[in-house]
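Written below as structure tokens is the structure these notes are about.
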Amino acid sequence: MWPLEYYRRLTKKVISEPLKFPGYWRLLRFTNILSKDYPSEFLRKGLPPMTISIRITFRCQLRCIQCPEWGKEGYFRYVDSNKFSLENELSTSEWKSFLKEVASFRPFVYFTGGEPLMREDIIELIRWANKHHLVTSLSTNALLLKEKAQELIDSGLDYLYISLDGPPDTNEKIRLGSSSSSEAVDAAIYFLNLRNRLKRLSPMVEIRTVIVKENEDKLFKTALFVDNNIKPEAFGLQCLHYTTQSQLKKAEPIYNKKLGINGRLYWASSVFDPSAMNTSILEKEMEKIKKKKWHFKVHYYPPLDHPKFSWQTYFRDPEDPIGFYDYCGSLYSIGVIQPNGNVVTCPCSQDYVSGNIRKNPFLSIWRGDRHNHFREVTQRDRPATCSRCRAHFTFRKKSLG
């Protein structure tokens, strides 16, 4: 079955809110825009980002095993988490000022965390962004979704990502900390039922699953569960983002000497033994998903969407860049803002700070010398840790293989 509901809602949203069209256009063309619209280094450095990723808070109720921030080897095991405390988060008025500033170039705004719904002013900020015709999305673990459902639906939010890594019995083994294995599922069903009962077009809902060892043999079962029980507009499969100890060791001189940061600080949280993954099972699970006709649209997040993608290469030869990166497109297209206003070049190098929006306008930081230095070093030297980052697969100019 063709996922008509996904495209019906998206088309009606664009027609009903024409001033948001630039944001929707950027969202729809996200995976190939660099190869066509960023023809030179000069233009890439000068143009504003297509997407603004707002890490609205680092606080979270869960301790998901794969999380690079709060997982068992997460980022906050290596730093003084007090500097990321509530007191250092931007105020409501500071975030509003920032959103008004970036509204001039109509980026796609993504509220993430941590858990964004733990910010008491998140609804107010979404409303403010909507007032300035920004296309907004939010990612949530759904633990607070039911109590904030009505407000979220009324806020003007365009797209909602709900994290679910399997049916309830599998999900609870991965997303540690929830009091009930079915809590996220119940909240997602409640939210969609309420939105449909109110006859609202948005937010469109996508259930997103990260592929890890604990669910590698249950991906098809997960998709069936989502299709039969939750009934969202989209279902997303995201490959595990990882690096290895040997890659980390190779990359450390670049981080330490050329960028002046501790490469181990954040990347250490993504160290993983890829030999643990069963590639034959993954191939079978993915083949079953691709063959079935679903009610929702399936989003295969890079590199899963490429016809030449190989599970064997991805997990058995982690240093193989799969033959195509010219530059990291993420550094030219996604602006990442931390809870305290720091602008970082890369979500995986959070201790390399280009500036702070409390002190300088965002675009002056985005186009500044420090931001460009990180771009130039990583493009020239290509740290080994980057070979399994989704950005290299999303922004591609050459074919795989």
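Quick check on the range 21-31. Is at least one of its residues at pLDDT below 55, open to solvent by 60 Å² or more (accessible area, probe 1.4 Å), within 22 Å of the chain's Cα centre (by Cα) and not charged (D, E, K, R)? Yes, there is a match, as at least one residue in the range 21-31 is at pLDDT below 55, open to solvent by 60 Å² or more (accessible area, probe 1.4 Å), within 22 Å of the chain's Cα centre (by Cα) and not charged (D, E, K, R). I'm checking my understanding of the structure. Among residues of the range 358-395 that are open to solvent by 60 Å² or more (accessible area, probe 1.4 Å) and part of a loop (DSSP other than H, G, I, E, B), which one is modelled with the lowest pLDDT? That would be R382.
Of all residues in the range 99-109, those satisfying the criterion of being of a type outside the set (A, V, I, L, M) and closer than 13 Å to P49 by Cβ are E101, S104, F105, R106, P107, F108. State yes or no: is K218 within 30 Å of S387 (Cβ to Cβ) and open to solvent by 10 Å² or more (accessible area, probe 1.4 Å)? Against the criterion (within 30 Å of S387 (Cβ to Cβ) and open to solvent by 10 Å² or more (accessible area, probe 1.4 Å)), K218 qualifies. Applying the criterion of being open to solvent by 20 Å² or more (accessible area, probe 1.4 Å) and either part of a loop (DSSP other than H, G, I, E, B) or hydrophobic (A, V, I, L, M, F, W, C) (or both) to the residues of the range 86-107, the residue that is farthest from R175 (Cα to Cα) is F105.
When Y159, Y190 are screened for being open to solvent by 50 Å² or more (accessible area, probe 1.4 Å) and aromatic (F, W, Y), only Y190 passes. Residue check: D37 meets all listed conditions (1) modelled with pLDDT of 75 or more; (2) open to solvent by 50 Å² or more (accessible area, probe 1.4 Å); (3) of a type in the set (D, E, K, R) but one, namely (1). With the condition kept exactly as written, say whether any residue in the range 199-212 is out of contact with any Ser or Thr (no Cβ under 6 Å at 6 or more places or on another chain), under 25 Å from V135 (Cα atoms) and without any contact (Cβ under 8 Å) to a residue 40 or more places away in the chain. So far as the range 199-212 goes, yes, one or more of its residues are out of contact with any Ser or Thr (no Cβ under 6 Å at 6 or more places or on another chain), under 25 Å from V135 (Cα atoms) and without any contact (Cβ under 8 Å) to a residue 40 or more places away in the chain.
Once the range 289-309 is narrowed to residues that are open to solvent by 90 Å² or more (accessible area, probe 1.4 Å) and assigned to a helix (DSSP H, G or I), the residue that is farthest from M204 (Cα to Cα) is K291. The condition of being buried (at least 17 other Cβ atoms within 10 Å of the Cβ) and in contact (Cβ under 8 Å) with a residue 60 or more places away in the chain does not hold for A276.
In the range 67-81 there is at least one residue matching the filter, namely being modelled with pLDDT under 95 and among the polar types (S, T, N, Q).
Meeting the requirement of 1 or more residues that are modelled with pLDDT under 95 and within 25 Å of P347 (Cα to Cα), the helices (runs of 4 or more DSSP H) wholly within the range 108-207 are 168-174. Restricting attention to the range 264-297, and to residues there that are touching a Ser or Thr at 6+ places or on another chain (Cβ under 7 Å) and more than 19 Å from E216 (Cβ to Cβ), which single residue is modelled with the highest pLDDT? Per the criteria, the residue is W267. Residue count for the range 221-256 under the criterion of being part of a helix (DSSP H, G or I) and in contact with a strand residue (DSSP E or B) (Cβ under 7 Å, 6 or more places away or on another chain): the result is 6. Among the residues of the range 327-344, is there at least one that is at pLDDT below 85, open to solvent by less than 20 Å² (accessible area, probe 1.4 Å) and outside any helix (DSSP H, G or I)? Yes: one or more hits. For the range 119-143, a residue qualifies if it is over 18 Å from the mean Cα position of the chain (by Cα) and free of Cβ contacts under 8 Å to residues at least 40 places away in the same chain, and the qualifying residues are E120, D121, I123, E124, R127, W128, A129, N130, K131, H132. One residue is enough: does the range 214-229 have a residue meeting the conditions within 30 Å of F21 (Cα to Cα), over 18 Å from the mean Cα position of the chain (by Cα) and among the hydrophobic types (A, V, I, L, M, F, W, C)? Looking through the range 214-229, at least one residue is within 30 Å of F21 (Cα to Cα), over 18 Å from the mean Cα position of the chain (by Cα) and among the hydrophobic types (A, V, I, L, M, F, W, C).
The values are calculated or read from the model by the stated rules, or taken from the named source; none is laboratory data. Only a predicted model underlies this, so the values are computations on that prediction, with no experimental measurement involved. In this analysis, Cβ positions are derived from the backbone assuming ideal geometry, glycine residues included, and neighbour counts consider all displayed protein chains. Remember, those area values only see protein heavy atoms, side chains included, never the ligands or the DNA or RNA. Shrake-Rupley method; radii C 1.70, N 1.55, O 1.52, S 1.80 Å.
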